[in-house]
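Notes for the one structure printed next.
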Amino acid sequence: DTAVSQTPKYLVTQMGNDKSIKCEQNLGHDTMYWYKQDSKKFLKIMFSYNNKELIINETVPNRFSPKSPDKAHLNLHINSLELGDSAVYFCASSFTGGGYGYTFGSGTRLTVV
Amino acid sequence: GESVGLHLPTLSVQEGDNSIINCAYSNSASDYFIWYKQESGKGPQFIIDIRSNMDKRQGQRVTVLLNKTVKHLSLQIAATQPGDSAVYFCAENHNQGGKLIFGQGTELSVKP
(Lines give C-alpha, C1' and ligand atoms only; values in the text may rest on other atoms or scores of the structure.)
Protein backbone atom coordinates (compact mmCIF):
# COMPACT_ATOMS: atom_id res chain seq x y z
CA ASP A 1 0.00 0.00 0.00
CA THR A 2 1.21 3.49 -0.78
CA ALA A 3 1.26 5.38 2.46
CA VAL A 4 3.01 7.28 5.18
CA SER A 5 3.77 4.82 7.93
CA GLN A 6 5.10 5.64 11.36
CA THR A 7 6.13 3.51 14.30
CA PRO A 8 5.38 2.93 17.05
CA LYS A 9 1.67 3.72 17.25
CA TYR A 10 1.78 4.03 21.02
CA LEU A 11 4.70 4.98 23.23
CA VAL A 12 4.55 5.20 27.01
CA THR A 13 7.72 6.27 28.76
CA GLN A 14 9.01 7.92 31.90
CA MET A 15 10.17 11.49 32.23
CA GLY A 16 13.80 11.97 31.39
CA ASN A 17 13.99 9.12 28.92
CA ASP A 18 15.05 9.43 25.29
CA LYS A 19 12.81 8.00 22.57
CA SER A 20 12.53 7.91 18.80
CA ILE A 21 9.64 7.78 16.37
CA LYS A 22 10.22 6.55 12.84
CA CYS A 23 8.46 7.57 9.65
CA GLU A 24 8.64 6.27 6.11
CA GLN A 25 6.75 7.20 2.97
CA ASN A 26 6.58 5.36 -0.34
CA LEU A 27 4.66 8.04 -2.22
CA GLY A 28 7.72 9.42 -3.99
CA HIS A 29 7.37 12.73 -2.16
CA ASP A 30 10.43 14.86 -1.58
CA THR A 31 9.24 16.72 1.52
CA MET A 32 8.42 15.26 4.92
CA TYR A 33 7.04 16.84 8.05
CA TRP A 34 6.41 16.32 11.73
CA TYR A 35 3.26 17.76 13.28
CA LYS A 36 2.19 17.71 16.92
CA GLN A 37 -1.45 17.39 17.98
CA ASP A 38 -2.23 18.45 21.52
CA SER A 39 -5.02 17.31 23.81
CA LYS A 40 -7.39 19.86 22.26
CA LYS A 41 -6.75 18.37 18.82
CA PHE A 42 -4.82 21.40 17.64
CA LEU A 43 -2.31 20.46 14.92
CA LYS A 44 0.91 22.41 14.59
CA ILE A 45 3.92 21.89 12.39
CA MET A 46 7.23 21.16 14.07
CA PHE A 47 9.67 20.44 11.24
CA SER A 48 9.88 19.92 7.53
CA TYR A 49 12.63 18.39 5.43
CA ASN A 50 13.01 18.68 1.68
CA ASN A 51 15.37 16.17 0.09
CA LYS A 52 17.03 15.56 3.45
CA GLU A 53 17.51 19.28 4.11
CA LEU A 54 15.85 21.00 7.07
CA ILE A 55 13.45 23.65 5.78
CA ILE A 56 11.20 24.47 8.72
CA ASN A 57 11.97 24.41 12.42
CA GLU A 58 9.10 25.96 14.31
CA THR A 59 11.01 26.98 17.45
CA VAL A 60 10.77 23.48 18.78
CA PRO A 61 12.97 22.81 21.86
CA ASN A 62 16.32 21.40 20.88
CA ARG A 63 15.47 18.24 22.80
CA PHE A 64 13.65 17.36 19.59
CA SER A 65 15.99 16.37 16.80
CA PRO A 66 14.68 15.22 13.43
CA LYS A 67 16.87 13.12 11.19
CA SER A 68 16.32 12.37 7.54
CA PRO A 69 18.64 9.65 6.19
CA ASP A 70 16.97 9.89 2.78
CA LYS A 71 13.96 11.60 1.32
CA ALA A 72 11.70 8.65 2.13
CA HIS A 73 12.46 8.66 5.84
CA LEU A 74 12.15 11.24 8.60
CA ASN A 75 12.71 10.16 12.17
CA LEU A 76 12.11 12.16 15.32
CA HIS A 77 14.31 11.74 18.35
CA ILE A 78 13.32 13.28 21.64
CA ASN A 79 15.75 13.65 24.53
CA SER A 80 14.95 14.12 28.20
CA LEU A 81 11.22 13.67 27.76
CA GLU A 82 8.93 15.93 29.76
CA LEU A 83 5.30 15.58 30.78
CA GLY A 84 4.37 18.36 28.34
CA ASP A 85 5.67 16.31 25.44
CA SER A 86 2.68 14.02 25.76
CA ALA A 87 0.74 14.39 22.52
CA VAL A 88 0.05 12.67 19.24
CA TYR A 89 2.82 13.15 16.70
CA PHE A 90 2.01 12.91 13.01
CA CYS A 91 4.39 12.45 10.16
CA ALA A 92 3.33 13.76 6.74
CA SER A 93 4.77 14.03 3.27
CA SER A 94 4.18 15.98 0.08
CA PHE A 95 5.87 17.21 -3.05
CA THR A 96 7.89 20.41 -2.74
CA GLY A 97 5.76 23.34 -1.58
CA GLY A 98 2.92 21.23 -0.29
CA GLY A 99 -0.17 21.03 -2.39
CA TYR A 100 -2.24 18.16 -3.65
CA GLY A 101 -1.32 14.82 -2.18
CA TYR A 102 -0.20 16.09 1.23
CA THR A 103 -0.58 12.86 3.21
CA PHE A 104 -0.47 12.13 6.91
CA GLY A 105 0.53 9.02 8.79
CA SER A 106 -1.71 7.47 11.41
CA GLY A 107 0.09 9.06 14.34
CA THR A 108 2.13 8.09 17.38
CA ARG A 109 0.51 8.67 20.74
CA LEU A 110 3.29 9.57 23.17
CA THR A 111 2.51 9.47 26.87
CA VAL A 112 5.13 10.65 29.32
CA VAL A 113 4.57 9.56 32.92
CA GLY B 1 -0.73 34.97 15.68
CA GLU B 2 -1.05 32.42 12.95
CA SER B 3 -4.39 30.76 12.93
CA VAL B 4 -7.09 29.36 10.81
CA GLY B 5 -10.06 29.27 13.05
CA LEU B 6 -13.57 30.47 13.71
CA HIS B 7 -15.47 27.29 14.11
CA LEU B 8 -18.20 25.55 15.98
CA PRO B 9 -16.29 23.13 18.18
CA THR B 10 -19.09 20.60 17.79
CA LEU B 11 -21.79 20.17 15.20
CA SER B 12 -24.60 17.66 15.54
CA VAL B 13 -26.76 16.81 12.55
CA GLN B 14 -29.43 14.28 11.71
CA GLU B 15 -28.52 11.49 9.33
CA GLY B 16 -29.50 12.50 5.83
CA ASP B 17 -29.29 16.23 6.49
CA ASN B 18 -26.67 18.47 4.97
CA SER B 19 -23.76 19.68 7.12
CA ILE B 20 -21.88 22.94 6.83
CA ILE B 21 -18.57 23.43 8.57
CA ASN B 22 -17.05 26.88 8.54
CA CYS B 23 -13.52 28.18 8.80
CA ALA B 24 -11.86 31.59 8.67
CA TYR B 25 -8.26 32.05 7.63
CA SER B 26 -5.91 34.85 8.45
CA ASN B 27 -3.38 35.10 5.64
CA SER B 28 -4.70 36.67 2.47
CA ALA B 29 -1.57 35.46 0.67
CA SER B 30 -2.49 31.80 1.18
CA ASP B 31 -3.21 30.24 -2.18
CA TYR B 32 -4.21 26.70 -1.35
CA PHE B 33 -6.67 25.30 1.16
CA ILE B 34 -7.42 21.76 2.23
CA TRP B 35 -10.14 20.13 4.27
CA TYR B 36 -9.14 17.10 6.30
CA LYS B 37 -11.23 14.52 8.14
CA GLN B 38 -9.80 12.89 11.24
CA GLU B 39 -11.44 9.83 12.71
CA SER B 40 -10.65 8.66 16.20
CA GLY B 41 -7.19 7.10 16.41
CA LYS B 42 -6.29 7.97 12.82
CA GLY B 43 -4.38 10.64 11.00
CA PRO B 44 -5.96 13.50 9.06
CA GLN B 45 -7.37 12.24 5.79
CA PHE B 46 -7.63 14.46 2.72
CA ILE B 47 -11.20 15.29 1.71
CA ILE B 48 -11.06 18.11 -0.79
CA ASP B 49 -8.90 21.07 -1.67
CA ILE B 50 -9.28 24.37 -3.44
CA ARG B 51 -6.90 26.90 -4.91
CA SER B 52 -7.34 30.60 -4.38
CA ASN B 53 -8.24 31.19 -8.04
CA MET B 54 -11.45 29.23 -7.49
CA ASP B 55 -14.61 29.98 -5.51
CA LYS B 56 -16.10 26.53 -5.40
CA ARG B 57 -15.06 22.96 -5.89
CA GLN B 58 -17.19 19.86 -5.71
CA GLY B 59 -16.34 16.31 -4.88
CA GLN B 60 -18.40 13.29 -4.08
CA ARG B 61 -21.03 14.56 -1.58
CA VAL B 62 -18.68 17.38 -0.53
CA THR B 63 -18.35 20.96 -1.69
CA VAL B 64 -15.82 23.54 -0.62
CA LEU B 65 -16.59 27.23 -0.95
CA LEU B 66 -13.94 29.92 -0.75
CA ASN B 67 -14.74 33.57 -0.13
CA LYS B 68 -11.48 35.48 -0.42
CA THR B 69 -13.13 38.81 0.33
CA VAL B 70 -13.88 37.81 3.90
CA LYS B 71 -11.25 35.06 4.11
CA HIS B 72 -13.79 32.37 4.76
CA LEU B 73 -13.86 28.72 3.81
CA SER B 74 -16.69 26.25 4.22
CA LEU B 75 -17.19 22.54 3.76
CA GLN B 76 -20.61 21.26 2.82
CA ILE B 77 -21.42 17.60 3.21
CA ALA B 78 -24.57 16.42 1.48
CA ALA B 79 -26.78 13.68 2.94
CA THR B 80 -24.59 13.28 6.01
CA GLN B 81 -24.03 9.69 7.06
CA PRO B 82 -22.91 8.12 10.37
CA GLY B 83 -19.54 7.40 8.75
CA ASP B 84 -19.03 11.14 8.37
CA SER B 85 -18.73 11.51 12.16
CA ALA B 86 -15.22 12.82 12.78
CA VAL B 87 -13.24 15.97 13.46
CA TYR B 88 -12.89 18.19 10.41
CA PHE B 89 -9.99 20.57 9.93
CA CYS B 90 -9.38 23.29 7.44
CA ALA B 91 -5.77 24.07 6.59
CA GLU B 92 -4.10 26.77 4.56
CA ASN B 93 -0.82 26.59 2.73
CA HIS B 94 1.36 29.61 3.40
CA ASN B 95 3.81 28.69 0.66
CA GLN B 96 6.50 28.43 3.29
CA GLY B 97 8.18 25.14 2.62
CA GLY B 98 4.86 23.34 2.42
CA LYS B 99 3.81 24.40 5.91
CA LEU B 100 0.11 23.95 6.61
CA ILE B 101 -1.65 26.11 9.17
CA PHE B 102 -4.55 24.22 10.71
CA GLY B 103 -7.75 25.46 12.24
CA GLN B 104 -8.92 24.23 15.61
CA GLY B 105 -11.24 21.64 14.14
CA THR B 106 -14.96 20.93 14.29
CA GLU B 107 -16.32 17.69 15.68
CA LEU B 108 -19.22 16.46 13.58
CA SER B 109 -21.67 14.03 15.17
CA VAL B 110 -24.31 12.38 13.05
CA LYS B 111 -27.46 11.23 14.82
CA PRO B 112 -29.25 8.21 13.35
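The values are calculated or read from the model by the stated rules, or taken from the named source; none is laboratory data. Quantities reported herein were computed from a predicted structural model and do not represent experimental measurements. Glycine also receives a Cβ, built like all others from the backbone with ideal geometry; neighbour counts cover every protein chain displayed.
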#### Entry: Condition broken by B:I50, with the remaining ones in (1) within 13 Å of B:I20 (Cα to Cα); (2) surrounded by 17 or more Cβ atoms within 10 Å (Cβ to Cβ) satisfied
(1)
### Task
Out of A:V113, A:V88, A:V60, A:V4, report the one residue that is modelled with pLDDT under 95 and among the hydrophobic types (A, V, I, L, M, F, W, C).
A:V60
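Out of contact with any Gly (no Cβ under 8 Å at 6 or more places or on another chain), more than 14 Å from B:D49 (Cα to Cα) and assigned to a loop (DSSP other than H, G, I, E, B), is that true of B:Q96? Can you show your working first?
On the way: out of contact with any Gly (no Cβ under 8 Å at 6 or more places or on another chain): yes; more than 14 Å from B:D49 (Cα to Cα): yes; assigned to a loop (DSSP other than H, G, I, E, B): yes.
In short, yes.
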### Summary
Filter the stretch B:86-110 for residues that are over 27 Å from A:N50 (Cβ atoms) and free of Cβ contacts under 8 Å to residues at least 60 places away in the same chain; the one that is surrounded by the most Cβ atoms within 10 Å (Cβ to Cβ) is B:A86
### Failed condition for B:D55, given (1) modelled with pLDDT of 95 or more; (2) under 11 Å from the mean Cα position of the chain (by Cα)
(2)
### Query
Yes or no: B:V110 away from chain A (no Cβ under 11 Å) and in a strand (DSSP E or B)?
yes
### Message
Given the criterion hydroxyl-bearing (S, T, Y) and touching a Leu at 6+ places or on another chain (Cβ under 7 Å), identify the matching residue among B:Y36, B:Y25.
### Response
B:Y25
### Message
Can you tell me which of (1) assigned to a strand (DSSP E or B); (2) surrounded by 18 or more Cβ atoms within 10 Å (Cβ to Cβ); (3) away from chain A (no Cβ under 11 Å) is the one B:T80 doesn't meet?
### Response
(1)
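Name the residues in the stretch A:52-93 that are surrounded by fewer than 16 Cβ atoms within 10 Å (Cβ to Cβ) and in contact (Cβ under 8 Å) with a residue 40 or more places away in the chain, would you?
Of the stretch A:52-93, the ones surrounded by fewer than 16 Cβ atoms within 10 Å (Cβ to Cβ) are A:52-54, A:57-59, A:61-63, A:65, A:67, A:69-70, A:77, A:79-80, A:82-84.
Scanning the stretch A:52-93 gives A:H77, A:N79, A:S80, A:E82, A:L83.
Here's the yes/no breakdown for (1) away from chain A (no Cβ under 12 Å); (2) at pLDDT 95 or above:
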position: B:H7; (1), (2): no, no
position: B:D17; (1), (2): yes, yes
position: B:D31; (1), (2): no, no
position: B:S74; (1), (2): yes, yes
position: B:D84; (1), (2): yes, yes
position: B:V87; (1), (2): no, yes
### Tabulated pairs, the stretch B:41-66, first away from chain A (no Cβ under 14 Å), second of a type in the set (S, T, Y) and assigned to a strand (DSSP E or B), C-beta under 6 angstrom, 6+ apart or interchain
B:L65/B:S74
### Task
Would you be able to tell me the number of residues in the stretch A:10-40 that are closer than 18 Å to A:V88 by Cβ, touching a strand residue (DSSP E or B) at 6+ places or on another chain (Cβ under 6 Å) and not in a strand (DSSP E or B)?
1
### Message
Quick check on the stretch A:44-56. Is at least one of its residues over 21 Å from A:T7 (Cβ atoms) and among the hydroxyl-bearing types (S, T, Y)?
### Response
no
